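Data first, discussion second: the structure below is written as structure tokens.
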Amino acid sequence: MKLRPGSHGSSEHCDCPLGPAEGLAESTDAVHSVRTEYRRRSAADAAAAMSWRRGARAHRTASALRSSGYELVATESAPFALGRWKNGISGRRGWRAPVRRGPRSDSAPDSPYLSPSLLPRTEGEANTFSTAEMASLLFKKIIAGKPSTTLTNQDFQEPTRPARPAVMQSQIWAETVPAVAPADLASVTTDDLGAALAGSAAGRTSSVSPMVRKYEKVQLEPIAGSGGASFEAPDVATYGRVLQDAIPYGYDPAGSYLYTLYKSDGVTPIPFGGGNFVIDTESGTCTFYALGNITGVDATHPPRISFYRYVGQKGAATASQTAAAIEAQSLTFQEPITFQGGDSGVTTDALAAIVLDDRNLASLALDTPAMALQLGADADGSWRVCSFGGGGSATATSLAIQVRVAGAWVTKASYSPE
């Protein structure tokens with residue numbers, strides 16, 4: 001560890017290794033342990049661990065160092081813990097240097113290696129949210145559905161709380177994306193407006209699977225604050241940022257939904273893994289985590305991308321939407337349907353029944369047919385039972401049994417309330 005006091009106007013510095021000779025007091029507070037240990041040491045012990053250099057080496061005790069206004073404090077900083085000598089005299093600057101790296105025993109009282117889990121953050125320190133803490137939070141939240149209250153707890157030791165991420169209606173694709181990219185988009189060259197597809201924000205929508213739209217060589221733009229390493233599609237009126245809701249490239253294992261990323265010339269492809277790029281299909285961002293490994297891509301030379309996008313309905317269907325969908329389609333039953341329950345008395349409304357038409361038949365125009373129960377297709381020889389309106393009179397409604405003959409439905413029997 002090297003210390004250089006910046007306010008003394010000298011070039012003197014010290015080598016202060018935290019070697020096994022010093023050791024730590026038995027305490028769970030590493031910072032307190034270091035301070036306590038140095039305060040207890042005799043001048044001889046401390047001199048064995050510290051040396052000042054000014055041309056020739058000369059020893060100086062820890063107490064002499066403290067008398068100059070220095071104390072040892074510690075803080076956590078990835079990838080390893082840092083010890084910091086801090087000048088306590090007003091107006092002087094503090095300095096830091098790394099604690100020795102290597103195998104450590106966090107529980108041993110004489111361990112020279114400070115455990116990051118034991119080191120509190122000092123006030124004013126930069127955020128040092130460690131990789132281990134991030135991993136613990138994600139694992140417990142996503143896999144176990146638990147909060148992460150402390151790094152030392154196993155997931156099953158954490159309190160049971162509803163911790164899984166909420167899924168918003170806007171995140172749910174309500175329509176099924178075909179397993180293979182629609183064939184009618186394979187060779188298209190124009191967008192939905194008849195203009196060239198390349199670079200178009202309109203894209204080309206499939207006529208076979210209208211929830212899928214194809215985009216070709218869309219020019220991305222740099223995201224402010226990313227250092228020219230992250231890009232997104234421009235926010236275009238009507239279409240928004242079109243890279244959002246891109247269909248993941250692995251949706252079809254055979255690769256029909258693969259992205260193609262190009263350099264800004266729109267000709268030179270960037271292979272998968274080039275610059276360690278990642279497409280976040282929800283946010284619609286393309287980030288290069290190793291931008292220095294490729295050339296021709298930066299804030300002034302943003303890439304282009306070809307992809308497929310989901311443009312269908314979103315959100316889980318509500319009960320009313322489900323009912324509306326059923327009403328708008330024909331239903332085919334492969335097996336008999338049995339209705340159970342209801343009143344055993346045939347004179348009450350509680351009797352279980354199939355209601356074909358819930359309108360008031362008496363209010364329908366006279367002889368206007370309601371929905372029918374039909375046996376057979378729309379072909380000669382098929383039968384149906386249907387009812388007719390009463391023109392405002394409950395006694396004028398009727399029930400008819402009809403058969404289809406020569407393309408027309410003929411009434412074979414009719415019944416009225418009277």
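Below, the figures for the structure above:
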| quantity | calculated |
| --- | --- |
| Net charge contributed by nearby residues that have their C-beta within less than 13 Å of Leu364 (K/R +1, D/E -1) | -2 |
| Under 15 Å, Cβ to Cβ, from Phe139 - net charge with Lys/Arg +1 and Asp/Glu -1 | +1 |
| Burial ordering of Cys286, Cys386, fewest other beta-carbon atoms within 10 Å first | Cys386, Cys286 |
| For the stretch 333-418: Kirkwood Rh in Å [reciprocal of mean 1/r, alpha carbons] | 14.6 Å |
| Other-chain or far-sequence residues with amide H under 5 Å of Val212's (modelled H) | Ser206, Val311 |
| In Hz, Karplus ³J(HN,Hα) per residue of the stretch 264-270 (6.51, -1.76, 1.60; θ = phi - 60°; x = Gly, Pro) | 4, 6, x, 10, 7, x, 9 |
| Relative exposure of Ile247, Ile143, judged by other C-beta atoms within 10 Å (fewest first) | Ile143, Ile247 |
| Neighbour-count order for Val188, Val405, Val355, Val242, fewest beta carbons within 10 angstrom listed first | Val355, Val405, Val188, Val242 |
| Other-chain or far-sequence residues with amide H under 5 Å of Leu366's (modelled H) | Gly391 |
| Amide H contacts of Glu158 (H built 1.01 Å from N, under 5 Å, at least 5 apart or other chain) | none |
| Net length gained if the chain between Val355 and Ser382 were fully extended (0.36 nm per residue, minus Cα distance) | 7.6 nm |
| Summed residue charge, Cβ within 13 Å of Val297's Cβ, Lys/Arg positive, Asp/Glu negative | -1 |
| HN-Hα J in Hz across the stretch 161-170 - Karplus 6.51, -1.76, 1.60, θ = phi - 60°, x for Gly and Pro | 9, x, 10, 5, x, 6, 9, 7, 4, 5 |
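Values in this text are rule-based calculations from the coordinates and carry no lab data. These numbers come from a predicted model, not from an experiment. Every residue, glycine as well, gets a Cβ built from its backbone with ideal geometry; the counts of neighbours run over all protein chains shown.
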